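Undergrad: So that we are looking at the same thing, I have put the structure below in structure tokens.
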Amino acid sequence: MGSGEESKVAVQDFQDIVSQFLVRHQSILDVLSKFQETNARVNRAVIKAVTNCGCLKVVAEKKPIPESACLSDLKDYLDTHLRGELCEECRDVIQAELGKALFYTTALCHTLGLNLETVMKKEHEKVATLRYFNFT
Ligand SMILES: [Zn+2]
């Protein structure tokens with residue numbers, strides 16, 4: 001691990017294992033509330049990297065975009081507003097929280113009879129078509 005040689009996980013395999021792990025007949029209400037909770041925990045982990053650890057800083061301001069700027073210039077004016085880099089501890093925590101959020105995203109798909117891979121493929125096509133527009 002950590003060598004960059006980690007094995008890839010197929011989306012369908014992931015959905016299969018999540019569905020096996022889910023308690024039988026788990027209520028959609030439980031899945032929805034866990035889905036929301038895990039998303040909130042991802043936000044909290046990122047915020048804690050800023051406010052508790054300090055490895056990240058948020059430096060935000062509005063940058064005026066010149067009227068003459070064309071679409072391909074936009075990336076020069078947009079900013080993550082992040083400074084610094086995740087330390088190992090915060091990286092581990094955020095990855096773990098993202099994993100749980102992915103788990104419940106997948107569980108939601110499973111409970112509703114949706115296929116995560118199809119969801120990803122459709123979004124992939126949309127993003128590939130829209131590119132810049134998608135993020136406004
Ligand atoms: Zn940190």
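Undergrad: Rounded to the nearest 0.05, what FRET efficiency is calculated for residue 117 and residue 59 with R0 set to 25 Å and r the Cβ-Cβ distance?
TA: Working from the Cβ atoms, E equals 0.10.
Undergrad: How far, in nm, would the chain grow between residue 52 and residue 14 when pulled straight, counting 0.36 nm per residue and subtracting the alpha carbon separation?
TA: Contour length minus Cα-Cα distance gives 10.4 nm.
Undergrad: State the extension gain, in nm to one decimal, for the chain segment bounded by residue 67 and residue 21, taking 0.36 nm per residue of separation less the distance between their alpha-carbons.
TA: Contour length minus Cα-Cα distance gives 11.3 nm.
Undergrad: With the contact rule set at Cα under 8 Å and sequence spacing of 6 or more, what percent relative contact order holds for the chain?
TA: Working: 85 pairs, mean separation 48.1, N = 136.
In percent, rounded to a whole number, it is 35.
Undergrad: According to the square roots a ≥ b ≥ c of the eigenvalues of the Cα gyration tensor, what is the shape class of segment 11-131, taking rounded for a/c under 1.5, prolate for a/b larger than b/c otherwise, and oblate for the remainder?
TA: Because a/c hits 1.5 or more and a/b fails to exceed b/c, segment 11-131 counts as oblate.
Bear in mind these aren't lab numbers, they're just calculated from the coordinates by the rules spelled out. Small disclaimer: the values here were computed from a predicted structure and weren't measured. Cβ atoms come from the backbone with ideal geometry, glycine included; neighbour counts cover every protein chain shown.
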